[in-house]
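Quick notes on the structure that follows.
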Amino acid sequence: MHDIGKNPDKKVGALNYGYSLVEGYDYLLGVDGDTIADSKAVEYLETEAVSDSRIGGISAIYTIDDKPIKGMIARFLTAGQRTQFAAFNLQNLLRGRNMAVLGGQFSIFSTNALREAMKQNHQVTPWVKDSEVEDSLLSLQIKSAGYLTKISPYARANVGGMTTLSGYDAQQVKWTYGAIELMWPGQRGDTKGQPFHPNLRLRWFENFGMLTNLFVRVAFLTLLAGSLSIHAFVFSPLWLIPPVVAMLLNLRIARTMAAVNRTDVLFAVLFFPAEIFMWIRISHFVRSWTRFLSRKKVDNWAMQAKAERGGGLGHWAPMVVLIAVAIALAVIWVLVGPVVQSSILWIGWPIVGVVTVLQTLLMFSKLVRRHHGYKV
């Protein structure tokens, strides 16, 4: 153990201090303070890293141990995060085991790769403090330096999850905001946007998927309310297909978990827990993009620390905005005449239908995709 005294750079400072101790060695293993690794995790990571000099870093498969979690909200959030981790890990494994983010929770790095990344980017340390997602940025730099960023199919580690809405909100907004900075073409602060970097393709898909989820849900509820208000809604069983496919996909992801339990299965098949969790994730997406496009400088690290201590009410802002928008739309709907109302429904339902069909086909392709025996 090393007492490094006052550490204003927090996680980044600790990692860089660790690097200063192993600069002459071959590898650096980064571990979060609340991570509990499998007994053979280090062995698996080291064996693969040594076997291929092209590997600049390799990450373990992350999940959250839900056994000690108490309370309904905490267990709900943990189940959602376990599914979120599982889907992310599975995507990386199926994409040639290319890991988009070498997370600091439990990853091993080649010091040669770190030195090359530092040299190419004119840095004196591998991790920089002016990025919201220092691990994602370093992963991009290692990849750009010509090294591979991999995920191990064997090494596993339990990481700390967020058990409060405010804490989870602050963490996700920080991560999404930082990812947007990496994706955005041009310069934002000291972070250079790299929109076409191969490690960011998954980020683009995630953001486009969240935008589609937001549009479909808001548009469907708006059109449904409008149709019911003028007694023009006709139920079709075809609208049950998308949620059924979504439930089956969530169930298949749950079944890929190495430590799947009853809570994971219920979270997938009951539909409403996963749907509520999706709305929470949509709120993070909206807050992150709003904060980014407003160009308002915010210390997201400090806001996350405050939220984890129980402070802050920002996570309720999307709900307040959603209620305000719903009221505004209701007033506008009442003010326009029957002809306009019918025209909106006539145009709106086909658009929502087409987008929903495309989204369902994408989910179905993921549902039937081979997993090659991977367990996350």
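Values in this text are rule-based calculations from the coordinates and carry no lab data. Since we're looking at a predicted model, the values are computed, not measured. Here Cβ is always computed from backbone atoms with ideal geometry, including for glycine, and neighbour counts include all displayed protein chains.
Name the residues whose placed amide hydrogens come within less than 5 Å of the amide hydrogen of Arg156, ignoring near sequence neighbours (fewer than 5 apart) on the same chain.
Those qualifying (amide H under 5 Å, at least 5 residues apart or on another chain) are Asp38, Ala41, Ile61.
In what order do Arg281, Arg54, Arg82 fall by count of nearby beta-carbon atoms within 10 Å, going from fewest to most?
On the way: Arg281 20, Arg54 10, Arg82 26.
If I rank by nearby Cβ atoms, fewest first, I get Arg54, Arg281, Arg82.
Using 12 Å as the cut-off for backbone N distance, which residues of segment 343-370 belong to the label zone defined by a point 7 Å from the Cα of Ser236 along Cα→Cβ?
Within reach of a label on Ser236, which here means backbone N under 12 Å from a point 7 Å along Cα→Cβ, segment 343-370 contributes 349-357.
Around Asp9, which amide H atoms from residues at least 5 apart in sequence, or from another chain, sit under 5 Å from its own amide H, with H modelled in the peptide plane?
none
Checking the table Lys10/Lys366; Lys70/Lys129; Lys70/Lys375; Lys10/Lys375 against a 28 Å threshold on Cα-Cα, which pairs fail? Could the numbers behind the result be given before it?
On the way: Lys10/Lys366 38 Å; Lys70/Lys129 34 Å; Lys70/Lys375 26 Å; Lys10/Lys375 33 Å.
With Cα atoms farther than 28 Å apart: Lys10/Lys366; Lys70/Lys129; Lys10/Lys375.
For labels at Leu361 and Ser294 in the simple 7 Å Cα→Cβ model, what's the distance in nm?
Taking the two extended label points, one gets 3.8 nm.
In angstroms, what radius of gyration and Dmax does segment 21-163 have, counting Cα atoms only?
Every Cα atom of segment 21-163 included, Rg and Dmax give 15.5, 49 Å.
Between Ala225 and Tyr154, how high is the FRET efficiency from 1/(1 + (r/R0)^6) when r is the Cβ-Cβ distance and R₀ = 51 Å? Nearest 0.05.
In this case the efficiency is close to 0.55.
Percent antiparallel among DSSP beta bridges with both residues in segment 21-163, to the nearest 5?
Just about 60 percent of them are antiparallel.
How high is the FRET efficiency between Val218 and Asn7 when r is their beta carbon distance and R₀ equals 45 Å, given to the nearest 0.05? If you can, show how the numbers build up before the last one.
Details: r = 43 Å, r/R0 = 0.96.
Computed FRET efficiency for Val218 and Asn7: 0.55.
Label Ala258 and Trp279 with points 7 Å out from Cα along Cα→Cβ: what is the distance between them in nm?
Once both label points are built, they end up 3.5 nm from each other.
Going highest first, how would you order 151-158, 56-63 by mean Cβ packing within 10 Å?
Values: 151-158: 21.8, 56-63: 26.8.
Output ranking for 151-158, 56-63: 56-63, 151-158.
Using the Kyte-Doolittle scale, which helices in the chain average at least 0.0 and also have C-alpha atoms spread 20 Å or more along the helix axis, with helices defined as whole DSSP H runs?
Details: long enough: 72-94 (33 Å, 0.39); 165-183 (26 Å, -0.10); 201-229 (42 Å, 0.79); 241-255 (21 Å, 1.24); 272-293 (31 Å, 0.48); 317-335 (27 Å, 2.86); 338-368 (44 Å, 1.49).
Result, helices passing both filters: 72-94, 201-229, 241-255, 272-293, 317-335, 338-368.
Under the 0.36 nm per residue contour assumption, what length would be gained going from the current alpha-carbon distance of Ile347 and Val269 to full extension? Before the final figure, lay out the partial values.
Working: separation 78, 0.36 × 78 = 28.08 nm, distance 3.29 nm.
That works out to 24.8 nm of additional length.
Which order do Met363, Met72 fall in if you start with the one that has the fewest other Cβ atoms within 10 Å?
Numbers: Met363 16, Met72 7.
Fewest-to-most Cβ neighbours within 10 Å comes out as Met72, Met363.
Could you tell me what fraction of 2.2 N^0.38 Å the Cα radius of gyration of segment 202-368 comes to, as a two-decimal ratio? Intermediate results must be reported in sequence, preceding the final value.
Details: Rg = 18.8 Å, N = 167, 2.2 N^0.38 = 15.4 Å.
Dividing the Cα radius of gyration by 2.2 N^0.38 Å gives 1.22.
What's the extension gain from His371 to Gln84 if we count 0.36 nm per residue and subtract their Cα-Cα distance? Each step should come with its number before you reach the end.
Numbers: separation 287, 0.36 × 287 = 103.32 nm, distance 1.67 nm.
Extra length available between His371 and Gln84 comes to 101.6 nm.
For the chain, with the dipole built from +1 on Lys and Arg beta-carbon atoms and -1 on Asp and Glu ones, taken about the Cα centre, which of Pro153, Gln91, Val368 lies farthest toward the positive end?
The residue sitting most towards the positive pole is Val368.
Antiparallel DSSP bridges in the chain: what percent, to the nearest 5?
Values: 14 of 21 bridges.
Rounded to the nearest five, the antiparallel share is 65 percent.
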